[in-house]
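For reference, the structure discussed in these notes is given below.
The values are calculated or read from the model by the stated rules, or taken from the named source; none is laboratory data. Given the structure is predicted, the values throughout are model-derived calculations rather than measurements. Reconstructed Cβ throughout: ideal geometry from the backbone, glycine too, with neighbour counts over all protein chains shown. When the accessible area is computed, the model is the full protein with side chains, heavy atoms only, and any ligands, DNA or RNA have been set aside. Shrake-Rupley method; radii C 1.70, N 1.55, O 1.52, S 1.80 Å.
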Amino acid sequence: LPGKTLTQRELGLIAKLDMSVAVIFQHNNDCLCTFMTKGRGKRDAERALELAKSFSQPPGSAIYFGVDGVDAQFLTLLSATGMTSGELEARKFVQKYVRAYFEDVARTMAGSGYKIGAYGSGLVCSYLLDEKLAHHCWLANATGWPGYQRFEATRRWVLKQHLPTRKTDCFGIEVDLNSGNGLTGEFGQWKPK
């Protein structure tokens, strides 16, 4: 997804403005098939590591992996078929498929020096932190996704996404705004050189 991949030009502009970067790998991570495809976590982690190396991302920083609403999509599918739908069923999906994906990511990134982050629902973030499959969690601005309010209240997230700006507010583009937790200033960000 070229439009979603950081470029050297963008990295140079970020460095010039003395800003920091938080990296999220999110290539088709809004599709159930991504998490249901055996070996996909390994392939995504390998690509994320290639990109990190190409941008001279320093060890100790984080690479977040998106889990962009697949637990909510799973519930919608269950509901459409008339099957029981609820957070318990979403948790079963996370335990089976999202867990396997992040186990692949962890094995692939072992020894790389990078921290693993996750972007997703409160349910996903809570589960991955509890299972020690993610070091950081970035809470998606999707208050209807499973576990949002409960996880948001725990303040275990290091970043929390807000509504995007209007095009008229930010030079003609929509920008997702995020806030840091405040309990920690470190969320795996890094300054490009």
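Lys132 passes all but one of (1) farther than 19 Å from Asn178 by Cα; (2) touching a helix residue (DSSP H, G or I) at 6+ places or on another chain (Cβ under 7 Å); (3) basic (Lys, Arg); which number fails?
Status for Lys132: all satisfied but (2).
Looking only at the range 140-176, how many residues end up being hydrophobic (A, V, I, L, M, F, W, C) and either on the phi > 0 side of the Ramachandran plot or surrounded by 14 or more Cβ atoms within 10 Å (Cβ to Cβ) (or both)?
Total satisfying the criteria: 8.
Yes or no, residue by residue, for (1) under 26 Å from Lys132 (Cβ atoms); (2) surrounded by 16 or more Cβ atoms within 10 Å (Cβ to Cβ); (3) among the charged types (D, E, K, R); (4) out of contact with any helix residue (DSSP H, G or I) (no Cβ under 6 Å at 6 or more places or on another chain):
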position	(1), (2), (3), (4)
Lys4	no, no, yes, yes
Val23	yes, yes, no, yes
Asn28	yes, no, no, no
Lys42	yes, yes, yes, no
Lys53	yes, no, yes, yes
Lys92	yes, no, yes, yes
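Among the helices (runs of 4 or more DSSP H) confined wholly to the range 27-121, which include 1 or more residues that are in contact (Cβ under 8 Å) with a residue 60 or more places away in the chain and among the acidic types (Asp, Glu)?
It comes to 40-54, 70-81, 87-93, 99-109.
In the range 55-78, what residues are open to solvent by 30 Å² or more (accessible area, probe 1.4 Å), closer than 19 Å to Leu129 by Cα and modelled with pLDDT of 95 or more?
Correct list: Gly60 only.
Could you tell me how many of the residues in the range 94-112 are in contact with a Gly (Cβ under 6 Å, 6 or more places away or on another chain) and either among the aliphatic types (A, V, I, L, M) or open to solvent by 20 Å² or more (accessible area, probe 1.4 Å) (or both)?
Looking only at that region, the number is 2.
Please go through the range 140-193 and give me each residue that is farther than 21 Å from Ile116 by Cβ, of a type in the set (Lys, Arg) and touching a residue at least 60 places away in the same chain (Cβ under 8 Å), ordered by number.
Scanning the range 140-193 gives a single hit, Lys193.
State which residue is modelled with the highest pLDDT when the search covers only the range 125-155 and only residues that are among the polar types (S, T, N, Q) and outside any helix (DSSP H, G or I). Break it down into steps so the answer makes sense when it comes.
Pass one, the range 125-155, residues among the polar types (S, T, N, Q): 126, 141, 143, 149, 154.
Still in the list and also outside any helix (DSSP H, G or I): 141, 143.
Working: Asn141: 91, Thr143: 85.
By that ranking, first place goes to Asn141.
I'd like to check something: does the range 159-173 contain any residue that is under 22 Å from Ala72 (Cβ atoms) and in a loop (DSSP other than H, G, I, E, B)?
The answer is no; no qualifying residue exists.
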